Ligand code: AGP
């Protein structure tokens, strides 16, 4: 990282810039430079090596200017040379700028500018910005900067001046920090951190992402540049695409949704997950000692499964809270805790408030969100998008399956930062990659599941049972049936059945047992026998190849084999289809169930 300083005021900029650079020299010290403007020609001095080398060069030159920029460098692009030291300028020596950050698309920008005749004198990514501003400059600096930053991809804190628009200092920020120091007597100083402005300014303004500050002698104002984001959805995505309901369309889209959620995020040979959205907080995540997950409804059920994954494979103590409770109870948030929030819409009020509560307490906040640019995305420090396109049906289906897959990726990411071995990581990564195909296999049973739904559609009461990774799936199965068919159903942890709910069971009571062939399968078999012992009807969700289960239940819906940690991603799919078909048989509006909303933006 580099350090930048800019000054506009009545005083001589030189000492102010140098003092600022001294205070920022911890940020980079392989070369430095300043440019000063006194209303005639800008004067630029650069030096390789420590800041003292620049100071020595300036000694005795008595350089003066009311406007100037300074920079200490930590080279990222181009060697440590005077030519590569900042400030950089355009072809005519009109635009001058200093930069902290990385211009990711500097190569393609440079090629197109060279084609337009621009001459480059350095190897840096930064010089591209000076020529880009030159391209748009027509006498108004901030206008040219506004147009230029739209074409930049990457991170930047920029301070810019122009000989042909001299009474102005412009600063722009995206990701890299930038403060404006305001001094009634001394003018305005922009810098990478407050230490550099402290000697002169009593007040500072922290520039936010995509903000451009326009500073003149008497005042400054901020332009908020809204970066256009690629619309991730196509018009037809919001169409039903020939399906009778959005819910069925979104259930059938799950293989593709999973592919999009996993795209470019698995490094199979290293058993790693690559999550670009966490890059900025990767070091902090390495240090966390505890995870708090907050969400609502179906997203909360995903969080419960995340807890099993994180504790078993990443070794991170994890607590899961319903957001509406988290925000009002006094959660103890220890040091080194991170808060993970999960939300399809990114607008759920309770989850947003829980994040704000955690942020007030200085906790790192990370989101798993589907809706691009939503409030929760803007509120959290970092996050992972689902990339599954819009989910229109009120019942969360593809978003849930994608949330689970991303929680498995995050477990891999955090686990491999800790003690999860390469071999185990490779196995999980390989199984994750197979998920889209396995879900597609289950969807082929849609007609069979419809028949099972038809058989049980008139049952008035039921419960879903599951254990360990599939205990939350029992909750989710019950929630889907409730919200889609208005049938009362309860999700019960298998081991809890005998502590009360078993009293509900008789020949008119339906139990759906989520019992893949995992480490608690035998326990689930004994739960099923408890129900059958009271003449209850049982549908089992079991692993393909398990023939024995047929002997003890009324109906079986099979799911393919996968590792235990991933079974919930498969076992929920038949439950989504079951709820859907029961809802349709009962004539319910499965896309817009009564009393519900897709995004709950109120308390
Ligand atoms: C689930 O089918 C419901 N639509 C509801 O429980 C939902 O999961 C909850 O409101 C959370 O919404 P979010 O994921 O958009 O935050």
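Readers should treat all values here as calculations from the given coordinates under stated rules, not as data from a laboratory. Keep in mind that this is a model prediction, so the values were computed, not measured. Methodologically, a virtual Cβ is constructed for each residue, glycine included, from the backbone with ideal geometry; neighbour enumeration extends over all protein chains shown.
From the P(r) of the stretch 112-168, can you give the percent of Cα pairs sitting at distances over 18 Å? Summing the P(r) tail past 18 Å for the stretch 112-168 gives 33 percent.
Along its first, second and third principal axes, ordered by size, the stretch 1-63 spans 31, 21, 16 Å in Cα coordinates.
Ratio of alpha-carbon Rg to the 2.2 N^0.38 Å globular estimate for the stretch 391-431, to two decimals, please.
Values: Rg = 13.4 Å, N = 41, 2.2 N^0.38 = 9.0 Å.
Here the answer is 1.48, to two decimals.
Can you tell me the length gained on complete extension of the stretch residue 239 to residue 283, counting 0.36 nm per residue apart and subtracting the Cα distance?
11.7 nm
Divide the volume of the convex hull around the Cα atoms of the stretch 237-357 by the residue count and you get 144 Å³ per residue.
Calculated on the alpha-carbon coordinates, the convex hull of the stretch 180-230 measures out at 67 cubic angstrom per residue. Overall shape of the stretch 445-603 was characterised from the C-alpha gyration tensor. The equivalent ellipsoid obtained from it has semi-axes of 24, 17, 16 Å, in decreasing order. Kirkwood's formula applied to the C-alpha pairs of the stretch 364-489 gives a hydrodynamic radius of 17.4 angstrom.
With q set to 0.15, 0.22, 0.26, 0.29 Å⁻¹, the log10 of I(q)/I(0) for the stretch 435-498, from the Debye formula over equal scatterers at the Cα positions, is -0.57, -1.03, -1.10, -1.11. Overall shape of the stretch 315-397 was characterised from the C-alpha gyration tensor. The equivalent ellipsoid obtained from it has semi-axes of 23, 13, 12 Å, in decreasing order. Measuring spread by the Cα atoms of the chain yields a radius of gyration and Dmax of 29.7, 99 Å.
Here's the picture: a label point sits 7 Å out from the Cα of residue 547 along the beta-carbon direction, and within the stretch 506-520 the residues with their amide nitrogen under 20 Å of it are 516-518.
For the stretch 60-149, just say rounded, prolate or oblate: build the C-alpha gyration tensor, square-root its eigenvalues into a ≥ b ≥ c, call rounded for a/c under 1.5, and beyond that prolate if a/b exceeds b/c, oblate if not. Because a/c hits 1.5 or more and a/b fails to exceed b/c, the stretch 60-149 counts as oblate. Dimensions of the stretch 478-530 from C-alpha coordinates, computed as largest minus smallest value along each principal axis and given longest first, are 33, 23, 18 Å. When the inverse distances between all different Cα atoms of the stretch 141-227 are averaged and flipped, the Kirkwood radius reads 13.1 angstrom.
Once the Cβ-Cβ distance between residue 455 and residue 361 is put in as r, and R0 is 51 Å, what FRET efficiency do you end up with, to the nearest 0.05?
0.50
Rounded to the nearest 0.05, the FRET efficiency derived from the C-beta distance between residue 82 and residue 446 at R0 = 56 Å is 0.20.
Using only Cα coordinates, the Kirkwood hydrodynamic radius of the stretch 561-600 works out to 12.1 Å. When you count the other C-beta atoms within 10 angstrom of each residue and take the mean per peptide, 392-404, 457-469 line up highest first as 392-404, 457-469.
Taking a quarter of the surface of the convex hull around the Cα atoms of the stretch 30-91, what do you get in nm²?
Numbers: hull surface 17.6 nm².
Averaged projected area of the stretch 30-91's Cα convex hull equals 4.4 nm².
Here the stretch 1-127 is treated as a Stokes sphere of Kirkwood radius computed over C-alpha pairs; at 25 °C and 0.890 mPa s its diffusion coefficient rounds to 167 µm²/s.
Write down Rg/Rh for the stretch 401-472, rounded to two decimals, with Rg from the C-alpha atoms and Rh from the Kirkwood relation over Cα pairs.
With Rh from the inverse mean 1/r over Cα pairs, Rg/Rh is 1.13.
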